[in-house]
Amino acid sequence: MMFKKITRNIKSFFSKVNWSTRNVYLTVKRAIGGVFRKFWSIVTQEEKRIERNRMKLDFVLKYLNLDGKDIDIQLDLDIAEIRKDLVEKKKALSVTYKKDKNQSVLNELNTVSRVIKYLPDDNRTINRKGDRKVETNKFIKAMIYLSPALILLAVFTFWPIINTLRLLIYVGYTESDGSIQGYTIFGNFIKVISQRGFIRPSAGTFSSALINTLLMAFISVPISIVVALLIAAGLNSIKGLKGFFQTIFFLPYVTNTIAIALVFKFMFNENFGLINTMLGWIGIDKVNWLSTNANYWAVMGVMVIYSVWDSLAFKIMVFLSAIQGIDKQYYQAADIDATPKSKVFRKITVPLISPMIFYIMVTSIIGALKVYSSVITLINEAGEIRGATYKMKTIVMYIYEYLNTRAPGNLSLAAASSVVLFGIILLFTLVQMQASKKRVHY
Amino acid sequence: MGAIMEKKYLNRWKLTDKFVLAADAIAVILYLAFFIKAFIDIPIPTKEELVDVNFIFNGFQMSILAIFAMIATPLLVIDSKTHFNKVEYEIDAWYGGNTFVKGLISLLLLNPVSAILRFYNTHNVLKFATGHSYIEAIKNMGRWFKQKLEAFKNRKNSPDHEGEATDEEVRLRKKIRTQTIGIAGKSILLYGLIGIAAAFVFLPFYWMILTALKTFEETQSTNPSFFVALKDMQWVNFKYVLNEMDFGLYIYNTLLVGVISTLGTVVTTVFAAFAFSRIDFKGRDTLFSILLMTMMIPGELYIITNFVTVAQFGWISSAGNKVFLAMIIPFMTSVFYIFFLRQTFKQIPNSLYQAAQVDGCSDFKYLVRVMLPIAGPTVFTITILSVIGSWNAFIWPRLMASMLPNNNESFYLISVALNKASFMDPEGMRLMYNLQIAASALVTIPLLIVFLALRKYIIRGVGRSGIKG
């Protein structure tokens, strides 16, 4: 009892405090608001404005011979009609005045124009103005909400796009003092494309940055898609331990590229690595994966294995949710016909999620074209294997190489190579958009 | 059957379970505290000591504590979920057995308090579900075994036995048996394949943790071992990496940059998504599609200009301390998150907005009071993804650090440090893989913990995205 009483007292005390604080708050708010309103009316000379408007209205009413009558001009008169009449009258008067320059006609003309000017807005105009005001208010409100994001995007997204176009036409641009040596249209592109090692293979080898990147993308993406599909289908068909396996398969999703690539580099070490030890169990000699004089395809193999491992988690997640979204009726029908599992997979599962597979394939290829961090960790900054004739460079590596060597004009070359990369990505995106329009499953 | 389902025992179970949870929580905290205490107490080694074959580090205590924490934490999480979700009719004799086994686990984890409480709770559960306690349960189990044994002994006399069945029955039975074996074989094959794939996926993580706990000599072995004994676990590697190689500082830098840029991202994207989803202003769709188009452009194109821009803003000064601004501010917004949030906001019915407007609720109030609580999980997803993204950020922070004129090492973020730091042995001849991989593990393990804890929210973001965490 005692406890209840005390709590009630405390509660009532706080509610009183709350109530009085709220009163004080509202009073202060009202007072401040009033002061601001007063101040605003002084600044805008509101009283004078009202007075002027009244005088204008009186003038109009006097001209229309409605002076002193108790009418509401907005409601009782058709202002649009009156305005039309007055405009016609004004035209007639001006014609008359041009004919014989009469002073009284001029006065009349002036009066009519003033009346037209002072005539209040008709309803349609008022509506239109109101709509415009609402529209403007909405726009201002939206801009207030958008401004933090838009300012940042303008500085760090839109300006770079414009600046890239600007850089493309400069020759020998130095970013520290902004000096340039001339202009060109395709010069930077030609320089980038014709350089050995970017698109053309370098001397004595078939590899170039473009070929390396495309090979990595077109080998690793199909493998990872097939593996991910099989695992997703397997995960979908088991019951026990499903959550456990899901968790393990999803683990690589959030990993740090540099850290895991370092682990892979150690695992693929020629002498101390896990992979060579495991190959030793089945009687395969030590493979020189990444060390001096390593074979091109060995290095490519490590890249492919890394990127398959890295992208598997995401693909399994997407495919698993896609498979779970398939209507169960198809599987029940297959069950009744006693269709074998492999046929169900080939004829039902894959065709039904084929749009998803295609979408993932294109986005993964786009992602694989931008490979950079893993390559520089697995090999080195320059993508060079000691003693090898080829260089395992990627397209993005070229861009950063131009950025890091601060010679005049290199920024333009970096811009040109990034635009080349964008062009390739755009190509794949367009293919994807064209294909997704058709939406053919079978 | 008269005495079963007594409410009394249910209430006792509930109360005791609360104490069990509390005891488990205290135990987990103690394990972690002792682990951290032991870690702090490790004398900071030199590189020469780490390379030395005769250098001995006994990691038994820390390994035991780490394993205890690794077992006890998930148990605690599962138990608290069970405690709050368990329904009366789910409590049966099996649940009693479950509790008993958990009590044994608690005993193994040197936690006698929760073990005793769990044994007492087993009694409560048994009383509630079956009306009798331990002794009767053990007797029942004995009876069950006896019955099975009898049935096995008398299998020749049982009516199911093939000897007394007709030929047709025998044939059918054989067929059923082969079918069962086939199904079992198939499922074993399926589990085997999935298990192999899972091992392939998990192997790098296992190898990372293993290598991080090995000595230098062991990493230089051409025949690497797959296990490390508890007392040989070299926790000292982590100590060296954190203290001597300044990874503590790098983690602090990364968290600073990550937290601030995430806060900024959440604020800007929530406002922008609100404007795009609720305010019907002129040019909205045009602006939005322009924003979406920028998502297609590779990030390298932005970097080319942005590193000049941040230099012009004066963020790359010789003192260097403004360089964090250059790492934070360009990443304070994200078109993808705006898109993601807008989709969620659009699902909230517009009638709520109209009702709020009729009641004179301002837009900001509506956003904070109505929309954010409804879209809370999505905002949380964005927060996690953004934090993970800045934890993994590499290219831009590296460029920023490399642009500083001097002393740029104290402004590294964690990925940059992993890339740049030298893990050579004192003679500069051989790479100290154990230290390098320990640093990698230091970067990866927090991510794994975050992923395991918040898996639901992270996977929610995947369906809509074509990008990696």
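The values are calculated or read from the model by the stated rules, or taken from the named source; none is laboratory data. Everything numeric in this text was worked out from a predicted model, so none of it was measured. Ideal geometry is used to build each Cβ from the backbone, glycine not excepted, and the neighbour counts take in all protein chains shown.
Among the residues of region A:206-227, those that are in a loop (DSSP other than H, G, I, E, B) and surrounded by 15 or more Cβ atoms within 10 Å (Cβ to Cβ) comprise A:S207, A:S208. If only residues of region A:190-205 that are of a type outside the set (A, V, I, L, M), over 16 Å from A:A388 (Cβ atoms) and surrounded by 17 or more Cβ atoms within 10 Å (Cβ to Cβ) are counted, the one that is modelled with the highest pLDDT is A:K191.
Residue pairs whose Cβ atoms lie under 7 Å apart, sitting 6 or more positions apart in sequence or on different chains, and linking a residue in region B:352-372 that is under 16 Å from B:F276 (Cα atoms) to a partner that is of a type in the set (D, E, K, R) and not in a helix (DSSP H, G or I), are B:Y353/B:R278.
Total residues in region B:210-220 satisfying the condition of being part of a helix (DSSP H, G or I), facing chain A (nearest Cβ under 10 Å) and not hydroxyl-bearing (S, T, Y): the figure is 3.
For region A:252-299, a tally of residues being more than 12 Å from chain B (Cβ to nearest Cβ) and assigned to a helix (DSSP H, G or I) returns 5. Considering the conditions (1) within 11 Å of another protein chain (Cβ to nearest Cβ); (2) assigned to a helix (DSSP H, G or I); (3) surrounded by fewer than 23 Cβ atoms within 10 Å (Cβ to Cβ), B:A272 is excluded by exactly one of them, (3).
Every condition in (1) under 38 Å from the mean Cα position of the chain (by Cα); (2) surrounded by fewer than 17 Cβ atoms within 10 Å (Cβ to Cβ); (3) in contact (Cβ under 8 Å) with a residue 40 or more places away in the chain holds for A:T292 except the one numbered (1).
Among the residues of region B:189-237, those identified as surrounded by 15 or more Cβ atoms within 10 Å (Cβ to Cβ), over 16 Å from B:F60 (Cβ atoms) and hydroxyl-bearing (S, T, Y) are B:Y191, B:T211, B:T219. No other residue among B:I105, B:I138 is in contact (Cβ under 8 Å) with a residue 12 or more places away in the chain and assigned to a helix (DSSP H, G or I) apart from B:I105. Within the option set B:I194, B:I183, being at pLDDT 90 or above, hydrophobic (A, V, I, L, M, F, W, C) and either assigned to a helix (DSSP H, G or I) or more than 30 Å from B:N321 (Cβ to Cβ) (or both) holds for one residue only, B:I194. Name the single residue, out of those in region B:368-378 being in a helix (DSSP H, G or I) and crowded, with 19+ Cβ neighbours inside 10 Å, that is nearest to the other protein chains (Cβ to nearest Cβ). It comes out as B:M371. Annotation: of all residues in region B:41-57 being assigned to a helix (DSSP H, G or I) and aliphatic (A, V, I, L, M), the one that is surrounded by the fewest Cβ atoms within 10 Å (Cβ to Cβ) is B:V51. Checking B:F200, B:F119, B:F226 one by one, the residue that is closer than 30 Å to B:R12 by Cβ, of a type outside the set (K, R) and out of contact with any Cys (no Cβ under 8 Å at 6 or more places or on another chain) is B:F119 and no other.
Which of the following residues is touching a residue at least 60 places away in the same chain (Cβ under 8 Å) and surrounded by 12 or more Cβ atoms within 10 Å (Cβ to Cβ): A:L57, A:L66, A:L86? One residue alone meets the criteria, A:L57.
Here are B:I260, B:I338, B:I316, B:I303: which of them is in a loop (DSSP other than H, G, I, E, B), touching a Phe, Trp or Tyr at 6+ places or on another chain (Cβ under 9 Å) and touching a residue at least 40 places away in the same chain (Cβ under 8 Å)?
Values: B:I260 fails: in a loop (DSSP other than H, G, I, E, B); B:I338 fails: in a loop (DSSP other than H, G, I, E, B); B:I303 fails: in a loop (DSSP other than H, G, I, E, B).
Answer to the selection: B:I316.
Which residues, counting only those in region A:356-376, are away from chain B (no Cβ under 11 Å) and either free of Cβ contacts under 8 Å to residues at least 40 places away in the same chain or over 14 Å from A:Y306 (Cβ atoms) (or both)? Listed by number, the residues that qualify are A:I357, A:F358, A:M361, A:I365. Pairing each residue of region B:168-180 that is free of Cβ contacts under 8 Å to residues at least 60 places away in the same chain with any residue that is surrounded by 11 or more Cβ atoms within 10 Å (Cβ to Cβ), provided the two are 6+ apart or on different chains, yields C-beta distances under 8 Å for B:E169/B:E162; B:V170/B:E162; B:R173/B:E162; B:R173/B:A165.
Answer yes if at least one residue in region A:338-348 is in contact with a helix residue (DSSP H, G or I) (Cβ under 7 Å, 6 or more places away or on another chain), more than 26 Å from A:M300 (Cβ to Cβ) and within 14 Å of another protein chain (Cβ to nearest Cβ), and no otherwise. Scanning region A:338-348, I find at least one residue that is in contact with a helix residue (DSSP H, G or I) (Cβ under 7 Å, 6 or more places away or on another chain), more than 26 Å from A:M300 (Cβ to Cβ) and within 14 Å of another protein chain (Cβ to nearest Cβ), so the answer is yes.
Taking region A:300-319, which residues are β-branched (V, I, T) and within 10 Å of chain B (Cβ to nearest Cβ)? Don't jump to the end; show me each part of the working.
Residues of region A:300-319 that are β-branched (V, I, T), as a first pass: A:302, A:304-305, A:308, A:316, A:318.
Within region A:300-319, A:I305, A:V308, A:I316, A:V318 meet the criteria.
Please go through region B:408-444 and pick out each residue that is closer than 11 Å to B:V241 by Cβ, at the interface with another protein chain (Cβ under 9 Å from one of its Cβ atoms) and in contact with a Lys or Arg (Cβ under 7 Å, 6 or more places away or on another chain). Of everything in region B:408-444, nothing turns out to be closer than 11 Å to B:V241 by Cβ, at the interface with another protein chain (Cβ under 9 Å from one of its Cβ atoms) and in contact with a Lys or Arg (Cβ under 7 Å, 6 or more places away or on another chain).
Restricting the search to region A:393-414, which residues are touching a strand residue (DSSP E or B) at 6+ places or on another chain (Cβ under 9 Å) and either facing chain B (nearest Cβ under 9 Å) or at positive phi (or both)? A:G409, A:L411, listed by residue number.
Let's see how each residue does on (1) out of contact with any helix residue (DSSP H, G or I) (no Cβ under 9 Å at 6 or more places or on another chain); (2) surrounded by 15 or more Cβ atoms within 10 Å (Cβ to Cβ); (3) aliphatic (A, V, I, L, M):
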residue: B:F68; (1), (2), (3): no, yes, no
residue: B:V77; (1), (2), (3): no, no, yes
residue: B:K102; (1), (2), (3): no, yes, no
residue: B:L108; (1), (2), (3): no, no, yes
residue: B:F119; (1), (2), (3): no, yes, no
residue: B:A129; (1), (2), (3): no, yes, yes
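Residues are listed down the side, and each one gets a yes or a no for (1) free of Cβ contacts under 8 Å to residues at least 40 places away in the same chain; (2) surrounded by 21 or more Cβ atoms within 10 Å (Cβ to Cβ); (3) within 11 Å of chain A (Cβ to nearest Cβ); (4) not polar (S, T, N, Q):
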| site | (1), (2), (3), (4) |
| --- | --- |
| B:T381 | no, yes, no, no |
| B:N392 | no, yes, yes, no |
| B:L399 | no, no, yes, yes |
| B:V462 | yes, no, yes, yes |
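Does any residue of region A:321-330 turn out to be at pLDDT 85 or above, under 18 Å from A:M392 (Cβ atoms) and within 14 Å of chain B (Cβ to nearest Cβ)? Among the residues of region A:321-330, not one is at pLDDT 85 or above, under 18 Å from A:M392 (Cβ atoms) and within 14 Å of chain B (Cβ to nearest Cβ), which makes the answer no. Screening A:A232 on (1) assigned to a helix (DSSP H, G or I); (2) facing chain B (nearest Cβ under 9 Å); (3) not β-branched (V, I, T) shows it passes everything except condition (2).
When B:L249 is tested against the conditions (1) surrounded by fewer than 22 Cβ atoms within 10 Å (Cβ to Cβ); (2) at pLDDT below 90; (3) more than 14 Å from chain A (Cβ to nearest Cβ), the lone failure is (2).
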